[in-house]
Amino acid sequence: MGFKVGQKVIYPNHGIGVIEQIEQKQIGATTLPFYTLRLAATNSVVLVPVANASEVGLRSPISSAECEMLLKNLADDFAAPPNDWKDRFKDFSERMRSGDIFEAADVLKNLTYLSHIKPLSFREQRMLERARYLVVSELCAVCRKPECKIEPRIDQALAHACAKHERHPARACAAGAVVGH
């Protein structure tokens with residue numbers, strides 16, 4: 001899938017950016033096209049080879065119909081994460097790097113729940129903040145609404161998910177054990 005100049009895209013683990021230009025760069029003896037992408041969060045520029053865009057995980061934002069699916073998903077119960085923090089961090093890191101906003105939302109849900117029952121490590125706290133930023137920024141961009149309208153909906157959905165999880169912890173732990181966690 002080719003992207004056009006001015007198009008909003010999602011760069012995995014960094015969020016929304018805009019394709020500023022498609023330029024040719026000399027790499028050794030070869031000239032290759034690159035997307036010049038400006039990231040909204042940091043205003044930094046990233047060059048992504050056009051040929052590698054899908055392997056890198058560059059993608060279009062979700063559709064407006066998927067916004068409601070994402071909010072519904074945020075409110076759903078979830079499988080318990082691995083108890084060992086190293087396994088949990090590895091699992092969550094892989095999900096965040098996938099570039100899939102639904103995976104980032106699941107990490108957000110899990111870490112939000114954990115943060116209510118115990119203090120998170122510094123790395124998990126940073127991952128929680130990153131997951132929240134990715135979910136909030138993509139929903140704001142797609143729904144064309146400011147953070148002040150999106151964040152309360154996310155908080156409400158997360159509160160529902162945590163409440164559901166507390167009502168069914170045995171099922172959630174069993175589901176986590178079955179998946180190999």
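Throughout, read-outs are computed from the coordinates displayed, never taken from laboratory work. It should be emphasised that the depicted structure is a prediction, and the values quoted were computed from it without experimental measurement. For neighbour counting, all protein chains shown are included, and Cβ atoms are generated from backbone atoms with ideal geometry for every residue, glycine included.
Quick notes
- Simple spin-label estimate for A159 and K72 in nanometres, 7 Å along Cα-Cβ: 2.2 nm
- Length gained when the stretch S121-I27 is fully extended (0.36 nm per residue, less Cα-Cα span): 29.7 nm
- Across the cross-link table entries K25/K86; K72/K145; K8/K109; K90/K164, which are compared at the Cα atoms, the separations over 29 Å belong to K25/K86.
- Mean separation of Cα contacts under 8 Å (6+ apart) over length of the chain, as relative contact order %: 23 percent
- Between R38 and K8, the distance separating the two model label sites (each 7 Å from Cα on the Cα→Cβ line) works out to 1.5 nm.
- Chain lengthening between R97 and Y133 when straightened (0.36 nm per residue, less Cα-Cα): 11.5 nm
- Residue order, fewest to most surrounding Cβ atoms within 10 angstrom, among R95, R167: R167, R95
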